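Quick notes on the structure that follows.
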Amino acid sequence: MYQWLTVFSYLEEFLQAALLTLEVTLLAFALAVVLAIAAALGRDSHRAVLRLVAGFYVEAIRNTPVLLQIFVAYFAIPAMGINLTAFAAGIIALGVNVGAYLAEVFRAGISSVPTGQIEAAGILGLNQHTIFTRVVLPQALRNVYPAVINNLIQILLGTSLLSAIALPELTGTALTINSRTLIFLPVFAMALVLYLVLSNGLSFIGALIGRVAFKPALVLPKANLGARLVARRAASARKKEMAT
């Protein structure tokens, strides 16, 4: 009991670390989405140079360890005269890493849009930008949305690796508190609970966005507590509609 009380005295530090973890996750995810869309378009481009650059990016990142990429961002890039904080290096490393995986996800989603729709949009006189933003992207995003949310969760879990570059995120803070108190189980149990709250919270929000943003409502697979709650509410609403 005394050990748990000691750990709860560090609750403020844990919560600050959780907020930092969430901030890194969201910023890295935003960077990953931008890089992924650019790489997906580049890999299917008619220009050989763009295909080569995008292909090299995807293959190089997907076939090297993410921890090594974090070290490159934090240690190698500053050696070239570009100073990066651990916070910035972590965002760049995780964003670049997950962007390579998301690129293939978006590429598959774009390929899933029937070519007849694209050709019909061209016949109607729409330019390439309008066709992509109004015809291709909405359908592709719906097709890959569950995979995109899964990659968001992977970024959240990947932030634990940033403790290797002394970023005080959730895992790094747990290691620091553990070194002060030498209370192993309660300290890491607290970090585990916070990771569960964050991951299920993001999944729940993602499931809600899927229901609101897409018509008909998109319900994510029941892989976690948040998605299960949304699916349960959707099923209950359908039953009420059928009853009336």
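The values are calculated or read from the model by the stated rules, or taken from the named source; none is laboratory data. In this text the structure is predicted, and so the values were computed from the model without any measurement. Here Cβ is always computed from backbone atoms with ideal geometry, including for glycine, and neighbour counts include all displayed protein chains. Heavy atoms of the whole protein, side chains included, go into the accessibility calculation; ligands, DNA and RNA do not. Shrake-Rupley method; radii C 1.70, N 1.55, O 1.52, S 1.80 Å.
Tell me, in nm to one decimal, what length is gained between Val72 and Ser111 on full extension, where the rule is 0.36 nm per residue of separation less the Cα-Cα distance?
Once the chain is fully extended between Val72 and Ser111, it gains 10.7 nm.
Report the calculated FRET efficiency for Thr133 and Lys215 (r = Cβ-Cβ distance, R0 = 25 Å), to the nearest 0.05.
0.90
At each listed q (0.12, 0.16, 0.23 Å⁻¹), what is the log10 of I(q)/I(0) that the Debye formula gives for the stretch 1-132 modelled as equal alpha-carbon point scatterers?
Those come out to -0.65, -0.91, -1.29, one per q.
Please identify the trypsin sites (Lys or Arg not before Pro) of the stretch 26-71 that satisfy two criteria: DSSP loop assignment and at most 13 other Cβ atoms within 10 Å. Which are they?
Filter output for the stretch 26-71: Arg47.
Roll a 1.4 angstrom probe over the protein heavy atoms and tell me the percent of accessible area of the chain that is carbon or sulfur.
That share works out to 68 percent.
With the alpha-carbon atoms as the only input, what is the per residue convex hull volume for the chain in Å³?
160
Asp44 to Met1: FRET efficiency via 1/(1 + (r/R0)^6), r the Cβ-Cβ distance, R0 45 Å, to the nearest 0.05? Show your work: numbers first, answer last.
Values: r = 60 Å, r/R0 = 1.33.
The computed FRET efficiency comes out at 0.15.
If you average the sequence gap of Cα pairs under 8 Å that are 6 or more apart and divide by the length of the stretch 20-137, what percent do you get for the contact order?
Computed over the stretch 20-137, the figure is 35 percent.
Do the sum for the chain: with -39,500 (n - 2.57) for every DSSP H run of n ≥ 4, divided by all residues, what is the mean residue ellipticity at 222 nm, to the nearest 500 deg cm²/dmol?
Computed mean residue ellipticity for the chain: -25000 deg cm²/dmol.
Run the quick spin-label model on Ala88 and Ala164: label points 7 Å from Cα toward the beta carbon, then report their separation in nm to one decimal.
2.2
Take every Cα-Cα pair in the stretch 55-125 and report what % of them are more than 13 Å apart.
On the way: 1751 of 2485 pairs.
For the stretch 55-125, the share of Cα pairs beyond 13 Å comes to 70 percent.
Note down the relative contact order for the chain as a percent, whole number, built from C-alpha pairs under 8 angstrom at least six residues apart.
Once divided by the residue count of the chain, the mean separation gives 22 percent.
Per residue, how much accessible surface does the chain expose to a 1.4 Å probe? Answer in Å², no decimals.
The answer is 56 Å² per residue.
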